[in-house]
1. Any residue at all in segment 135-158 that's among the β-branched types (V, I, T), at pLDDT below 95 and either surrounded by 13 or more Cβ atoms within 10 Å (Cβ to Cβ) or not assigned by TED's automatic domain parsing to the domain that holds I18 (or both)?
2. Please identify the pairs in which a residue from segment 18-46 that is over 20 Å from G75 (Cβ atoms) has its Cβ atom under 8 Å from the Cβ atom of a residue that is among the basic types (K, R) and in a loop (DSSP other than H, G, I, E, B), counting only partners at least 6 apart or on another chain.
3. Can you tell me which residue is nearest to P13 (Cα to Cα) among those in segment 62-79 that are assigned to a helix (DSSP H, G or I) and out of contact with any Leu (no Cβ under 8 Å at 6 or more places or on another chain)?
4. For the condition modelled with pLDDT under 95, of a type outside the set (G, A, S) and part of a loop (DSSP other than H, G, I, E, B), what is the one hit in I55, I36?
5. Counting only residues that are buried (at least 19 other Cβ atoms within 10 Å of the Cβ) and of a type in the set (A, V, I, L, M), which one in segment 38-79 is farthest from E6 (Cα to Cα)?
6. So for segment 168-186 (the condition being modelled with pLDDT of 95 or more, of a type in the set (A, V, I, L, M, F, W, C) and surrounded by 13 or more Cβ atoms within 10 Å (Cβ to Cβ)), does at least one residue qualify?
7. If you go through segment 80-120 one residue at a time, how many are buried (at least 17 other Cβ atoms within 10 Å of the Cβ), more than 15 Å from N14 (Cα to Cα) and of a type in the set (G, A, S)?
8. Sort through F168, F120 and tell me the only one that's part of a helix (DSSP H, G or I) and more than 30 Å from D62 (Cα to Cα).
Amino acid sequence: MDNSIELFFWPTPNGWKISIYLEEAGLPYKVRFVDILAGDQFKPNFLKISPNNRIPAIIDPDGPGGAPLPVFESGAILQYLGRKTGKFYPKDERARVEVDEWLMWQMGGIGPMLGQLHHFANYAPEKIGYAITRYTNEAHRLYGVLDKRLGGRDYVAGDYSIADIAIFSWTRLWERHGIGADEFPNFKRWAKAIAQRPAVQRGLALGKDKRGDIAKNKEARGILFGQRARS
């Protein structure tokens, strides 16, 4: 029986969270590329797994009770795999709460804010100064929160965990977020150390050749930002 996890994936920060985790945990998996630039995320078979038409998603063929289990939303996938394997997700409740806090900080804070910054600075059809300033300032604030947290510690919450994986996947492109080379030294030290992990490098390499320049692809922008399938 093939117990490989099916990973529905495209090389984006949210996708990298799961490819990195699977590599770190040494879990067998097979990739199902979902071309979000072409509208694959709107296809009925994918929507059965991920009703919010977003990657990533997984199907674990060996879910609870031995039955297949589909899971969507990157944070939920990380928590599920962490519970299932016991890797990079502590069992102690106090330690787990701390990891969950920083995972939710990424999911509700730095991920959405950096996403909006990318959109208004790089993809919006018109440059709206207020929006760019708003999200640049918020990104800077959040990097400051992270830098302060990493003062005197190697990882954001105890040992290396799903929180580090999630946050790194969004902040690895920090130079695109208006962060200066000498700012936030604790963050820079942490990001460099994580980037050097072999499993992280393998997770980031998955589908690397498929990343396109959305800024130059009008049709893809219409699909991604207009939220419509390609006709």
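1. So in segment 135-158, the residues among the β-branched types (V, I, T) come out as 136, 145, 156.
Checking which are at pLDDT below 95 leaves us with 136.
Next, only the ones that are either surrounded by 13 or more Cβ atoms within 10 Å (Cβ to Cβ) or not assigned by TED's automatic domain parsing to the domain that holds I18 (or both) stay: 136.
Scanning segment 135-158 turns up at least one residue that is among the β-branched types (V, I, T), at pLDDT below 95 and either surrounded by 13 or more Cβ atoms within 10 Å (Cβ to Cβ) or not assigned by TED's automatic domain parsing to the domain that holds I18 (or both).
2. If the second residue must be among the basic types (K, R) and in a loop (DSSP other than H, G, I, E, B), the pairs left are A38/R230; G39/R228; G39/R230; F42/R228.
3. Of the residues in segment 62-79, the ones assigned to a helix (DSSP H, G or I) are 64-66, 74-79.
Among the residues that remain, those that are also out of contact with any Leu (no Cβ under 8 Å at 6 or more places or on another chain) are: 64-66, 74, 76-77.
Values: P64: 28, G65: 31, G66: 30, S74: 10, A76: 15, I77: 14 Å.
Selected residue: S74.
4. Working: I55 fails: modelled with pLDDT under 95.
Answer to the check: I36.
5. L78
6. yes
7. 1
8. Details: F168 fails: more than 30 Å from D62 (Cα to Cα).
Step by step, each of F168, F120 is checked, and only F120 is part of a helix (DSSP H, G or I) and more than 30 Å from D62 (Cα to Cα).
The values are calculated or read from the model by the stated rules, or taken from the named source; none is laboratory data. Just so it is clear, the structure is predicted and the values come from calculations on it, not from any experiment. Methodologically, a virtual Cβ is constructed for each residue, glycine included, from the backbone with ideal geometry; neighbour enumeration extends over all protein chains shown.
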